[in-house]
Amino acid sequence: MASDQDLVVETVRDILSSHEPFALTADTAWDAGLWADLAEAGLTGVGLPEEAGGSGGELADAVAVVRTLAAGAGAVPVAEQLLAAGPALLAADLDLPDPAEPLTLAIAGAVHAEPSDDGDGPGRWTLTGTATDVAWAGVARHVAVLAQPPEGIEGAVLALVDAEELATSDARNLAGEPRGSLVLGGTAASGALLTAAQAGEVRARYALARAVQLAAALEQVLAWTVQYAGERHQFGRPLGRFQAVQMELAEMAGEVTAVTALVDAAVQTLDRDEDVVLAAAAAKVRAGAAVEVVARLAHQVHGAIGFTQEHRLHHLTRRLWSWRDEAGSELTWSQVLGVGLLAQGGDGLWPALTRVV
């Protein structure tokens, strides 16, 4: 008997089957048709509580949606909405926008927040500055902005901004996904003051969202490569019969298995409502490190055909190379991981290591 999660995955796959991946260009910033079908099916609110306007379900259901879309190269901001921005707003007791309207997250170190005196009551802030490298800038209707607090106050301010009125630059990542800047020139928004620990969790959730996407894409690239090695014949036998190719496939499989294990462990940590920062850091670092090996060997096994625009491989390898550096690079999260583990002290180091890696 199929579980609820299986039914969610099957529904996402059915919708994806009518939306073939396409190369994003200046004229196609996202797959609006795919988003509309997902929203109509209630899948853009999965894992967000019904009483807050979401579709209900568990964290595992939201992760399943994100994984399926990542493996299918779906060009929509679902990971940002379900795993990062949406939960961050709810944790801060802020209103969740309509899940049918795209929502993203901006980790905006250059944006400063000051209490607003616009007369609309407490919880209002004025945001000034430019948020750079914002995923789906120009596409998302709403942006949860993690901004610098007023001088002398620790932590951060999380504010919900209507992006329709903001000036947006048209930058893209290697996969063509929008990663522009948003100019906040005294923008008024509802928001909440977060502690440093709460702000750290928002950043960690975003990193974990990218790690979930990376794990799914890595798994799919491995599956495609194994399939190709079994179908492509060279010198009278399948490529997969050559020892050198078998070794490359085994190396890829080892990398993917390690990434999947760490990402699953981080998701379980989050599901248990435990401190997710170190687990997310470990997952993001390991996933990023695997990209270099898996993408390189996948293209090596596929040969020249894997580099053509018509072949499906580039839809995921270009995303892998892009997502690796987003939501914090390996260096950034390695530093977080190192500092966090050392802070456990000599007696706590080994238990902490076994929890996160």
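Laboratory data are not the source of any read-out in this text; all were calculated from the coordinates shown. Predicted, not measured: the structure shown is a model, and the values here were computed from it. Neighbour counts run over all protein chains shown; Cβ positions are idealised from the backbone, glycine included.
Going from the alpha-carbon gyration tensor of the stretch 70-147, what semi-axes, largest first and in whole Å, does one get by taking the root of 5 times each eigenvalue?
Working: eigenvalues 120, 45, 20 Å².
Calculated on Cα positions only, the semi-axes equal 25, 15, 10 Å.
Using Cβ counts within 10 Å as a stand-in for footprinting exposure, how do SER322, SER116 rank, fewest first? Intermediate values should be presented prior to the final figure.
Values: SER322 18, SER116 21.
Listing SER322, SER116 from fewest to most nearby Cβ atoms yields SER322, SER116.
Treat the count of other C-beta atoms within 10 Å as a stand-in for reagent exposure and order PHE235, PHE22 from fewest to most. Show your work: numbers first, answer last.
On the way: PHE235 7, PHE22 12.
Result, fewest neighbours first: PHE235, PHE22.
Can you give the Rg and Dmax of the stretch 133-233 based on its C-alpha atoms, in angstrom?
For the stretch 133-233, the Cα radius of gyration and maximum Cα-Cα distance read 18.8, 67 Å.
Can you tell me the orientation of helix 277-302 relative to the chain, as the angle in degrees between its alpha-carbon axis and the longest Cα principal axis, to the nearest 10?
30 degrees
Can you give me the C-alpha center-to-center distance between the stretch 110-177 and the stretch 235-282, rounded to a whole angstrom?
Cα centroid to Cα centroid, the span is 35 Å.
Would you tally the net charge around ALA91, using a Cβ to Cβ cut-off of less than 10 Å, leaving ALA91 out, and scoring K and R as +1, D and E as -1?
Details: positive: ARG205; negative: ASP93, GLU201.
In short, -1.
May I ask you to sort TRP35, TRP125, TRP30, TRP321 by Cβ crowding, counting other Cβ atoms within 10 Å and putting the fewest first? Don't jump to the answer; show the numbers that get you there.
Values: TRP35 23, TRP125 26, TRP30 20, TRP321 15.
Least crowded to most crowded, the residues run TRP321, TRP30, TRP35, TRP125.
Taking the stretch 178-308 on its own, what percent of its Cα-Cα pair distances exceed 21 Å?
Details: 4682 of 8515 pairs.
Summing the P(r) of the stretch 178-308 above 21 Å gives 55 percent of all pairs.
Around SER18, under 12 Å between beta carbons, what's the net of Lys plus Arg minus Asp minus Glu among the other residues?
Its environment carries a net charge of -3.
Report Rg/Rh for the stretch 3-136, rounded to two decimals, where Rg is the Cα radius of gyration and Rh the Kirkwood radius. Walk me through the numbers before you get to the answer.
Numbers: Rg = 16.5 Å, Rh = 16.2 Å.
My calculation puts Rg/Rh at 1.02.
Amide H to amide H, which residues 5 or more places from ARG172 or on other chains are under 5 Å from it, using H placed in the peptide plane?
Here the answer is ARG179, since their amide H atoms fall under 5 Å of that of ARG172.
Most fluctuating residue of LEU262, LEU331, LEU214 in a GNM of the chain with Cα springs under 10 Å: which is it?
LEU331
How big is the C-alpha Rg of the chain next to the rule-of-thumb value 2.2 N^0.38 Å, as a ratio? All intermediate terms of the calculation are to be shown ahead of the outcome.
On the way: Rg = 20.8 Å, N = 357, 2.2 N^0.38 = 20.5 Å.
Compared with the compact-globule rule of thumb, the chain sits at 1.01.
Can you give the FRET efficiency for HIS311 and ASP95, using 1/(1 + (r/R0)^6), R0 = 56 Å, r = Cβ-Cβ distance, to the nearest 0.05? Mind dumping the intermediate values first?
Working: r = 44 Å, r/R0 = 0.78.
Efficiency, from the Cβ-Cβ distance: 0.80.
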